[in-house]
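One structure is given here, and the rest of the page talks about it.
The values are calculated or read from the model by the stated rules, or taken from the named source; none is laboratory data. Quick caveat: nothing in here was measured; it's all calculated off a predicted structure. Please note: Cβ atoms are built from the backbone with ideal geometry, for glycine as well, and neighbour counts cover all protein chains shown.
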Amino acid sequence: MNWRTHIVSDKEILLGKPTIRGTRIAVEFIVERLASGWTEQQILDNYPQLKKEDLQAVFAYIHECIQDGLMYDVSKSTA
């Protein structure tokens, strides 16, 4: 999955946050919905402009960010 065909960043849209191409829906918004317990199907039903491939691109984008070390900082452990 090449997430770059689905996710873009434009300084004029949401201050450059990564968004789904052709929408003003931020990757962050999708992740927030998933973290709140929404299913993929609920997201697709509520945002019909999105396709399953867009959600797969979000996952691929996040995976690459984690792999590149852009989202680490779990230094505050509860142990």
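Among residues of the range 23-63 being out of contact with any strand residue (DSSP E or B) (no Cβ under 6 Å at 6 or more places or on another chain) and of a type in the set (D, E), the one that is farthest from S9 (Cα to Cα) is D45.
For the structure I just gave you, tell me whether Q67 is surrounded by fewer than 16 Cβ atoms within 10 Å (Cβ to Cβ), modelled with pLDDT of 95 or more and of a type outside the set (V, I, T). Considered against the rule, which asks whether it is surrounded by fewer than 16 Cβ atoms within 10 Å (Cβ to Cβ), modelled with pLDDT of 95 or more and of a type outside the set (V, I, T), Q67 comes out as no.
When the range 26-53 is filtered for residues that are assigned to a loop (DSSP other than H, G, I, E, B), surrounded by 12 or more Cβ atoms within 10 Å (Cβ to Cβ) and not hydrophobic (A, V, I, L, M, F, W, C), the ones remaining, listed by number, are Y47, K51. Do any residues in the range 20-40 that are closer than 13 Å to F59 by Cα and in contact (Cβ under 8 Å) with a residue 12 or more places away in the chain have Cβ atoms under 9 Å from those of residues that are part of a loop (DSSP other than H, G, I, E, B) and of a type in the set (S, T, Y), where the two are at least six apart or on different chains, and which pairs are they? Listed pairs, sorted by first residue: I20/Y47; I30/Y47. Is it true that some residue in the range 39-49 is under 13 Å from the mean Cα position of the chain (by Cα) and at pLDDT 95 or above? Scanning the range 39-49 turns up at least one residue that is under 13 Å from the mean Cα position of the chain (by Cα) and at pLDDT 95 or above. Per the listing T23, T78, the residue uniquely modelled with pLDDT of 95 or more, assigned to a loop (DSSP other than H, G, I, E, B) and over 12 Å from the mean Cα position of the chain (by Cα) is T23.
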